[in-house]
Amino acid sequence: MMPNLDIDQLKTFLAIADTGSFTRAAEEVNKTQSAVSMQMKRLEESVGRSLFVRDGRGSRFSRDGERFVEQARKLVAMNDEIVATFTKPELTGSVRFGTPDDYADLFLPEVLGRFARSHPQVTVDVECLPSANLMEKIKEGDIDIALVTFRDNEGEGEVVRREELVWVVSSRHSPHTLETLPLATAGGSCAWRNIATTALDKVKRRHRVAYTSPNRTAIDAAVLQGLAVAAMAEICVRPGMRVLRE
């Protein structure tokens with residue numbers, strides 16, 4: 001018989017993914033570190049895979065563990081959605097939600113769909129702005145909740161996903177071979193832009209900002225036409241682009 005996964009174990013597993021360590025995860029879920037370790041051992045037994053690599057440097061996710069993170073998030077979210085549907089009183093009113101343009105077409109359909117199923121009487125007002133602007137609006141009380149980008153150990157809120165930042169160019173062009181690297185970026189407050197330019201400055205790579213736009217489609221257009229290089233989350237890479245691995 002196929003084993004059932006324990007939601008509490010999955011939540012502890014995700015706490016490890018979000019905090020980066022067993023110790024901080026134990027504090028997050030209000031358990032002892034030994035209890036967390038035991039939960040993870042039982043979770044590995046349930047799935048029949050090693051989710052962690054344990055060595056002298058501590059524990060880190062194995063390849064299977066990294067794959068398991070997103071599946072665990074989906075299952076925990078579905079569990080919470082079902083519980084909320086049948087245990088909480090039906091909500092009415094409105095909620096103001098913000099997201100950068102980069103994430104709108106990637107995550108918004110699923111987010112809105114799940115929210116509508118849980119709270120069908122709530123009106124959702126969506127605002128697409130850069131992360132820095134959204135965080136200011138959160139502080140000022142102009143929006144209620146936002147999906148934003150920030151670097152590890154920066155910003156406030158709950159981590160729902162981690163993404164690797166990659167350099168991308170057109171599959172048909174090589175602007176990265178130019179003496180001065182042309183960049184396509186969002187505005188000066190963009191976290192990706194700041195990370196990218198800092199990295200280039202560190203290796204003394206000459207560059208210039210050739211195209212700027214708060215709109216992801218405009219940045220993608222510059223990249224796809226071979227006019228510039230861009231730094232973006234790997235999940236945002238579109239057909240017609242290639243990732244520079246060196």
Hey, can you tell me all the residues within segment 52-87 that are more than 30 Å from residue 118 (Cβ to Cβ) and either among the hydroxyl-bearing types (Ser, Thr, Tyr) or not assigned by TED's automatic domain parsing to the domain that holds residue 15 (or both)?
59, 62
Just checking, does segment 118-128 include any residue being among the polar types (S, T, N, Q), free of Cβ contacts under 8 Å to residues at least 40 places away in the same chain, surrounded by 14 or more Cβ atoms within 10 Å (Cβ to Cβ) and within 27 Å of residue 69 (Cα to Cα)?
yes
Give segment 161-201 a look and list any residue that's hydroxyl-bearing (Ser, Thr, Tyr), modelled with pLDDT of 90 or more and assigned to a loop (DSSP other than H, G, I, E, B), or say none.
171, 174, 180
I need the strands (runs of 3 or more DSSP E) fully contained in segment 41-160, keeping only those with at least 2 residues that are farther than 30 Å from residue 215 by Cβ.
52-55, 58-61
Taking segment 24-46 on its own, how many of its residues are surrounded by fewer than 16 Cβ atoms within 10 Å (Cβ to Cβ), among the aliphatic types (A, V, I, L, M) and touching a helix residue (DSSP H, G or I) at 6+ places or on another chain (Cβ under 9 Å)?
1
List the pairs whose first member sits in segment 88-114 and is surrounded by 17 or more Cβ atoms within 10 Å (Cβ to Cβ), whose second member is in a helix (DSSP H, G or I) and of a type in the set (Gly, Ala, Ser), and whose Cβ atoms are under 8 Å apart, counting only residues at least 6 apart or on separate chains?
100/131
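Hey, does segment 28-38 have a residue that's within 23 Å of residue 163 (Cα to Cα), in a helix (DSSP H, G or I) and out of contact with any Asp or Glu (no Cβ under 7 Å at 6 or more places or on another chain)? Even if it seems obvious, please write down each step before you answer.
Initial filter on segment 28-38 (within 23 Å of residue 163 (Cα to Cα)): 28.
Cutting the leftovers down to in a helix (DSSP H, G or I) gives us 28.
Checking which are out of contact with any Asp or Glu (no Cβ under 7 Å at 6 or more places or on another chain) leaves us with 28.
Yes: segment 28-38 contains one or more residues that are within 23 Å of residue 163 (Cα to Cα), in a helix (DSSP H, G or I) and out of contact with any Asp or Glu (no Cβ under 7 Å at 6 or more places or on another chain).
Could you tell me which of the residues 67, 60 is surrounded by fewer than 15 Cβ atoms within 10 Å (Cβ to Cβ), touching a Phe, Trp or Tyr at 6+ places or on another chain (Cβ under 7 Å) and of a type in the set (D, E, K, R)?
Working: 67 fails: touching a Phe, Trp or Tyr at 6+ places or on another chain (Cβ under 7 Å).
The unique qualifying residue is 60.
Scan segment 157-172 for residues that are buried (at least 16 other Cβ atoms within 10 Å of the Cβ) and farther than 30 Å from residue 17 by Cβ and report the count.
2
The values are calculated or read from the model by the stated rules, or taken from the named source; none is laboratory data. Since the structure is predicted, the reported quantities are computational estimates derived from the model, not experimental observations. So basically every Cβ, Gly included, is an ideal-geometry build from the backbone, and we count neighbours across all protein chains shown.
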